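Report on the following structure.
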Amino acid sequence: MIPKKLNFVWVGDESNCPDIVIDTWKVNHPGWEIIIWRNNEFHFHDWKLKDLMKEMWDSDQLCGVADLMRWEILAKYGGYTVDADLISLATLPDWLSDCSFFASYENETVRKGLISNGIVGCEIGSKDAKRIMNFLLSKKHIAYKYNFMHWKYKKNKAWEVTGPKLLTKLISFSETATILPSHFFCRYIIPVNITQALILFMHISYGGVQKMAMSP
């Protein structure tokens, strides 16, 4: 059973933290525990992945820092981790809590096979969360890799080494993970003038692009 605990990570400039957006989750999930992991938690929490987090911070990839915090939170405490820029429009369905581990695809057409880490949930002691954590613990470095062709270090992209590509690599063939279709609540690009009737769980708008997440 996944604990009814919503975890949000926001590191860096705290003046830009979308607290109003996070409040929508509080409204739609009364009785759930809401935790916001900020700079203070990054600096003073006893993280096993702290060295990798510092590398991502120093490489100016705060999204990678947030990813690493997300995976360690899930592995240790279970619950749900949600991108802080997702607006909640409805209560998440109760049956999600029965999953051992869940995530959803990004987009089966545009990003075929890629699993999103925008919202992920797992029970305490999840084998899948531990698999991700153990893989990361095996890495001495993660922010850079050496390019032998040019004899210099090259910055890794966070989405590849800590985000969706990593998640896809480690979870795609899991027998205990539930991977939901992209149109359920994953970030899914939809025309603004859409006329189809939808039940929405979340909505996100940034960079001039309207994005929605829905259930069928």
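Since every read-out is calculated from the coordinates, none of them should be taken as a lab result. Please read all numbers here as calculations on a predicted model, not as lab measurements. Glycine gets a Cβ as well: all are built from the backbone with ideal geometry, and neighbour counts include every protein chain shown.
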**Study point:** Candidates per GluC sites (Glu not before Pro) in the stretch 106-145, loop by DSSP, up to 15 other Cβ within 10 Å
**Key:** Glu108
Review point. The stretch 88-168: which chymotrypsin sites (Phe, Trp or Tyr not before Pro) are DSSP loop and have at most 14 other beta-carbon atoms within 10 angstrom?
Key: Phe148, Trp151
Review point. Which number do you get for Rg(Cα) / (2.2 N^0.38 Å) in the stretch 1-104?
Key: 1.08
Review point. Once fully extended, how much extra length lies between Met1 and Lys157, figured as 0.36 nm per residue of separation less the alpha-carbon to alpha-carbon distance?
Key: 52.8 nm
Review point. Residue separation times 0.36 nm, minus the C-alpha to C-alpha distance between Lys26 and Val110: what's the value?
Key: 27.0 nm
Point to revise | Theoretical FRET efficiency, 1/(1+(r/R0)^6), r = Cβ-Cβ of Ala90 and His43, R0 41 Å, to 0.05 | key: 0.75
Point to revise | Distance-filtered residues of the stretch 1-37 - backbone nitrogen under 16 Å, label point 7 angstrom along Asp98 Cα→Cβ | key: 1-3
